[in-house]
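One structure is given here, and the rest of the page talks about it.
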Amino acid sequence: MEDALAEELKEIAEKSKTLAIHQTIPGGVHCSGMIEDCWLINLYSRIASRVLLRIAQSSYKSEEDIYRLAVKQPWESWFDVQNTLRIDITAIKSPLKSLNFTTLRIKDGVIDRFRSQNGIRPSINTHAPDIRIAGFLDAHNVTLYLDTSGEALFKRGWRLETGDAPLRENLAAGLLRISGWKPGIPLLDPMCGSGTILIEAARMMMGIPPGYKRSFSFEKLSNFDAAKWKALKDAVKVNPVPDNPMIYGSDISGDMLTMTRHNLQEAGVPFDIPLHQIEAQEIKMPVDKPGIILTNPPYGERIGVRGNRNLEADELASQFYQALGTTLKQRFPNWSVFLFTADLSVPKMLRLKEARKTPFYNGPIECRLFRFDMVAGSNRPRQSRTFRSEDQK
């Protein structure tokens, strides 16, 4: 989602005179600015996973080179010795044999730096640290970052209940952006689960910043200015409640819809989203105008049809998608349909040709966002014809 993130960051930069967006890289976007711009991204970005502040970079050949880079950084100017720490490392094509040992050497460098300054050292807390330091290694260079976010940014601070495999909030926001959905366009999620796509869309419509109800690691840094942070949050302007939001959801499970309603309330959505308990292959257009269907189909029996619990999973999925494909062609003329799934055979089962497929990785799982454009009249029921036979004289 690098391109989608870069597009979003350019919109966030309109709120700042100093935030500059530079280039996309695999897995992220480079930008620069003042420390307040870092706060701004954490507050407003719906797509980013973390905001990392680059502290140092150098070439390396061994773990000791990385230790020397860590030990010479002025960590004491960024945070206090009383703050607890966690160190995380990711690597691509690094020649080092043990990332665990490399993590240990970065930790040693940070601790030795504090010990040399005042004789005491910070403590490590891997579960709920005050400060997170991130290291990234490629084949030749190491970069050290301060993680200004803390908890990953998909944790918006409102979710209490999830389904078996909830879609992460920042992924849902990215899917909405890539689908082209904007407030005012009808949106339907016919397999809404715990409601993540619906909630992200509703909060986008209201202009509620994703980070408004949570805390961040940058609040523990020495340069944090609580008054400036409060002013930044006070400047948030929430949009008025729309007369007709045109956001709709349904699911086969009544329990999931109950969970969705609770999550909508916790997320501060101030308007009702119509929710219906119905099988996805039975859906109809919720409004008399073209819109977007965006959904993440579930797996197992929640995908099924009532009364067919004895079918094998593959046969169940095949029957389900075939019926869904027929419904989409007959009942949703001129709609755009987006299915996010790890099952790359979905277009074949739907008997639809995708207009576009966008590759994603949902964690380690390779996925696709399939787009299908429903053409009016493409699958109308065949009309019976009457023929007359006459005797030939």
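Just give me the residues in the range 33-50 being assigned to a loop (DSSP other than H, G, I, E, B) and closer than 16 Å to Lys233 by Cβ, in sequence order. The one that is assigned to a loop (DSSP other than H, G, I, E, B) and closer than 16 Å to Lys233 by Cβ: Ser45.
Residue by residue through the range 73-110, note down the ones that are under 12 Å from Glu63 (Cβ atoms) and polar (S, T, N, Q). Of everything in the range 73-110, those that are under 12 Å from Glu63 (Cβ atoms) and polar (S, T, N, Q) turn out to be Ser94, Ser98, Asn100, Thr102, Thr103. When residues in the range 1-32 are screened for being outside any strand (DSSP E or B), farther than 20 Å from Arg177 by Cα and touching a helix residue (DSSP H, G or I) at 6+ places or on another chain (Cβ under 8 Å), 3 of them pass.
Among the conditions (1) part of a loop (DSSP other than H, G, I, E, B); (2) of a type outside the set (Asp, Glu); (3) under 15 Å from the mean Cα position of the chain (by Cα), Gly184 misses just one, which is (3). Only one entry of Gly184, Gly180, Gly249 meets the criterion of being assigned by TED's automatic domain parsing to the domain that holds Ile278 and touching a Gly at 6+ places or on another chain (Cβ under 7 Å), and that entry is Gly249. Answer with yes or no whether Asp80 is closer than 15 Å to Leu144 by Cα and outside any helix (DSSP H, G or I). No; evaluated as a whole, the condition is false for this residue.
Any idea which of Gly193, Gly207 is surrounded by 23 or more Cβ atoms within 10 Å (Cβ to Cβ) and not aliphatic (A, V, I, L, M)? The unique qualifying residue is Gly193.
The sole residue among Ala173, Ala152 that is surrounded by fewer than 19 Cβ atoms within 10 Å (Cβ to Cβ), hydrophobic (A, V, I, L, M, F, W, C), under 13 Å from the mean Cα position of the chain (by Cα) and under 26 Å from Asp3 (Cβ atoms) is Ala152. From the list Asp88, Asp3, Asp65, the lone residue that is more than 24 Å from the chain's Cα centre (by Cα) and among the acidic types (Asp, Glu) is Asp65. Can you tell me which residue among Arg86, Arg54 is outside any loop (DSSP other than H, G, I, E, B), of a type outside the set (Ser, Thr, Tyr), surrounded by fewer than 17 Cβ atoms within 10 Å (Cβ to Cβ) and touching a residue at least 12 places away in the same chain (Cβ under 8 Å)? Every option except Arg54 fails the conditions. Does Ser45 count as in contact with a Phe, Trp or Tyr (Cβ under 8 Å, 6 or more places away or on another chain), under 21 Å from Ala152 (Cα atoms) and among the polar types (S, T, N, Q)? No: the conditions fail for Ser45. Note on the range 330-381: residues that are over 24 Å from Ala172 (Cα atoms), modelled with pLDDT of 90 or more and in a loop (DSSP other than H, G, I, E, B) total 2. If only residues of the range 165-179 that are part of a loop (DSSP other than H, G, I, E, B) and under 17 Å from Arg261 (Cα atoms) are counted, the one that is modelled with the lowest pLDDT is Pro166.
The values are calculated or read from the model by the stated rules, or taken from the named source; none is laboratory data. Bear in mind that the values here come from a model prediction, so they are computed numbers and not experimental data. For neighbour counting, all protein chains shown are included, and Cβ atoms are generated from backbone atoms with ideal geometry for every residue, glycine included.
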